[in-house]
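Encoded as structure tokens, the structure appears first; notes follow it.
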Amino acid sequence: MEGVPARARAYVAGAALAALLCLYPLLGPSPLTTAPGTPWWAVGLLAALYAAGEQIARRRFAGTFSPVLLAGAFLLPAPAAALVPLPGALCSYVDKGPFLLRRVWRAAQSSLAVWAAAHLHGALGGPAAVAGSDVPYALLPAGAAVLVHCAVLAALDGGMLALAEGLPALKVCRGLFLRALAPLAVHGLAGLMMAVLWRSPYGPVAALLVLFPMAVSWWVFAQYHRERAAHRATIRALVQAVDIKDGYTRGHSERVGQASVMIARELGMDESRIEVIRFAGILHDVGKLGVPTRLLRKDGPLTPEERRVIELHPEYGHEITRGISFLGEARSAILHHHERIDGSGYPYGLAGRQIPEPARVVAVADAFDAMTSTRSYSRARPVETALAELERCAGTQFDPRMVTALVRVVGREGWHPRVTADEPRRTVPEPAAAPERPGVTR
């Protein structure tokens, strides 16, 4: 378990202990077989079904086999429901280590979430509504159970990310909860249908038929994820090519993408547009592939002729990405991120709102990272100094709204760039020349 912080391992151990406590009533004076409607065969069947489905879901689709878990929460007492995910989680497919720790974490996490869902479902009278096939009345306790299931998963995952990576726990938990709520609501509805059919005269066989349409929807969802993975691979390949060509700015593209997302979120853009802004930030310098390497790595200031060559990179980038349809309006940011609000930028001298909004976002993010990073021609400035310079240039070089958004979000959350470049950035000597203006980056 090398590489996993001790506090994260302790967190997993604590979650595992809590899951064992949830199972403790099964070992007490009231065995499972004495509880009406919860024989061992039902627990075993659901556990086997979940284990088989989990193997397929993890390898072929995306996510976990939640409908069976939620059906168990609707059919079984809380301790019995908490037992259902254990065999599948402990034997589940894991693509990277530490394998045992990840499996224990999945088992504990799933067990706690299902226990909480089943406990609340039982407290709200859900089992009686399921047994009587009173579907309208069963929706309220089932919906509450799905909410608490989602909340427990988000809280546990958020706590892990906060400990392991130092991310803000509350913000991470909220994001995880909102992202998982819609899929789990669909899985919860399927689980409720399974539970109602299980209790009907048709029995468990009819309940299993619910899983067929779910498998189809999972397949569609998996295709979507594969398509997105292909998009990321395309972008990553382009960024790596730029990083290899211009080694001095390794990681710059990812940092600009991160800063662009921070600005976009602060402006209240929707998630689909934020994704486009992220693509724009990451690929804004892809046109440097068409610029001679000697100019990109030149120490000191550029001559007027060399600068004119450098200033062609937005148009090169726009041309390189012409056939990548999923980029959408990100291509306009690639083309126009060096335009200035006062109309003195390039390549077309657009001014004000003539400049596409994504380009105005990326322009601020690009200049911010350029000022806070060491280049071949300038030393890194402190974050506060860079923000002050952006504010000074707001209204002439940069859109004031974008600058204000970045100043506000960095002041609240700080600037913690996350770079996944495969190689560390080169160490560069101190430049002899003075720093260039913030908007001019190579």
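The values are calculated or read from the model by the stated rules, or taken from the named source; none is laboratory data. Everything numeric in this text was worked out from a predicted model, so none of it was measured. Cβ sites come from the backbone with ideal geometry, for glycine too, and all protein chains shown count toward neighbours. Protein only, heavy atoms only, side chains kept; ligands, DNA and RNA dropped before computing areas. Shrake-Rupley method; radii C 1.70, N 1.55, O 1.52, S 1.80 Å.
Check A10, A42 and return the single one that is more than 34 Å from the chain's Cα centre (by Cα), among the small types (G, A, S), farther than 15 Å from R106 by Cβ and modelled with pLDDT of 80 or more.
Values: A10 fails: more than 34 Å from the chain's Cα centre (by Cα).
It is A42.
Just one of the listed residues (L70, L49) is aliphatic (A, V, I, L, M), surrounded by fewer than 24 Cβ atoms within 10 Å (Cβ to Cβ) and either closer than 25 Å to S133 by Cβ or at pLDDT 85 or above (or both), and it is L49. Counting only residues that are open to solvent by 40 Å² or more (accessible area, probe 1.4 Å), touching a Pro at 6+ places or on another chain (Cβ under 8 Å) and in a helix (DSSP H, G or I), the stretch 311-342 holds 1 of them.
Do the conditions hold for A15, that is, is it assigned to a helix (DSSP H, G or I), aliphatic (A, V, I, L, M), modelled with pLDDT of 80 or more and surrounded by 15 or more Cβ atoms within 10 Å (Cβ to Cβ)?
Working: assigned to a helix (DSSP H, G or I): yes; aliphatic (A, V, I, L, M): yes; modelled with pLDDT of 80 or more: yes; surrounded by 15 or more Cβ atoms within 10 Å (Cβ to Cβ): yes.
Answer is yes for this residue.
Annotation note: Cβ proximity below 7 Å between a residue of the stretch 78-94 that is open to solvent by less than 10 Å² (accessible area, probe 1.4 Å) and a residue that is not in a helix (DSSP H, G or I) (sequence gap 6+ or interchain) occurs for A80/T38.
From A405, A359, grab the single residue that is over 30 Å from T303 (Cβ atoms) and not in a loop (DSSP other than H, G, I, E, B).
The conditions single out A405.
Residues in the stretch 244-259 that are at pLDDT 75 or above and within 25 Å of the chain's Cα centre (by Cα): G251, H252, S253, E254, R255, V256, G257, Q258, A259. Screening A388 with (1) assigned to a helix (DSSP H, G or I); (2) within 24 Å of M269 (Cβ to Cβ) gives one miss only, at (2).
Would you point out which residue out of L192, L184, L176, L211 is in contact with a His (Cβ under 9 Å, 6 or more places away or on another chain), of a type outside the set (S, T, N, Q) and within 21 Å of A117 (Cβ to Cβ)?
L184
Pairs meeting the criteria (first residue in the stretch 284-298 and closer than 13 Å to H338 by Cα, second residue of a type in the set (D, E, K, R) and open to solvent by 50 Å² or more (accessible area, probe 1.4 Å), beta carbons under 8 Å, at least 6 apart or on different chains) are G287/E315; G287/E319.
All conditions but one from (1) free of Cβ contacts under 8 Å to residues at least 24 places away in the same chain; (2) in a helix (DSSP H, G or I); (3) surrounded by 15 or more Cβ atoms within 10 Å (Cβ to Cβ) apply to R308; the one that does not is (3).
Checking the condition under 29 Å from the mean Cα position of the chain (by Cα) and open to solvent by 10 Å² or more (accessible area, probe 1.4 Å), which residue from R297, R278 passes?
Working: R297 fails: under 29 Å from the mean Cα position of the chain (by Cα).
Sole residue among the options that is under 29 Å from the mean Cα position of the chain (by Cα) and open to solvent by 10 Å² or more (accessible area, probe 1.4 Å): R278.
Return the total of residues in the stretch 165-204 being part of a helix (DSSP H, G or I) and either touching a strand residue (DSSP E or B) at 6+ places or on another chain (Cβ under 8 Å) or within 18 Å of G132 (Cα to Cα) (or both). Outline the logic, then answer.
Start the filter on the stretch 165-204 by keeping residues that are part of a helix (DSSP H, G or I), which leaves 165, 169-199, 203-204.
Then drop every residue that is not either touching a strand residue (DSSP E or B) at 6+ places or on another chain (Cβ under 8 Å) or within 18 Å of G132 (Cα to Cα) (or both), which leaves 189-199, 203-204.
Counting residues in the stretch 165-204 that are part of a helix (DSSP H, G or I) and either touching a strand residue (DSSP E or B) at 6+ places or on another chain (Cβ under 8 Å) or within 18 Å of G132 (Cα to Cα) (or both) gives 13.
Figure legend. Inter-residue proximity from the stretch 202-224: first residues modelled with pLDDT under 70 and open to solvent by less than 90 Å² (accessible area, probe 1.4 Å), second residues assigned to a helix (DSSP H, G or I) and among the aromatic types (F, W, Y), beta-carbon distance below 7 Å, spacing 6+ or different chains. No pairs are indicated. Scanning the stretch 95-109 for residues that are open to solvent by 20 Å² or more (accessible area, probe 1.4 Å), modelled with pLDDT of 90 or more and among the small types (G, A, S) yields nothing.
State the number of residues belonging to the stretch 130-154 that are over 24 Å from L178 (Cβ atoms), open to solvent by 10 Å² or more (accessible area, probe 1.4 Å) and in a helix (DSSP H, G or I).
Taking the stretch 130-154 and keeping what is over 24 Å from L178 (Cβ atoms), we get 130-138.
This time we only want the ones that are open to solvent by 10 Å² or more (accessible area, probe 1.4 Å), so: 131-137.
Keeping just the survivors that are in a helix (DSSP H, G or I) gives 131, 135-137.
Residues meeting the conditions: 4.
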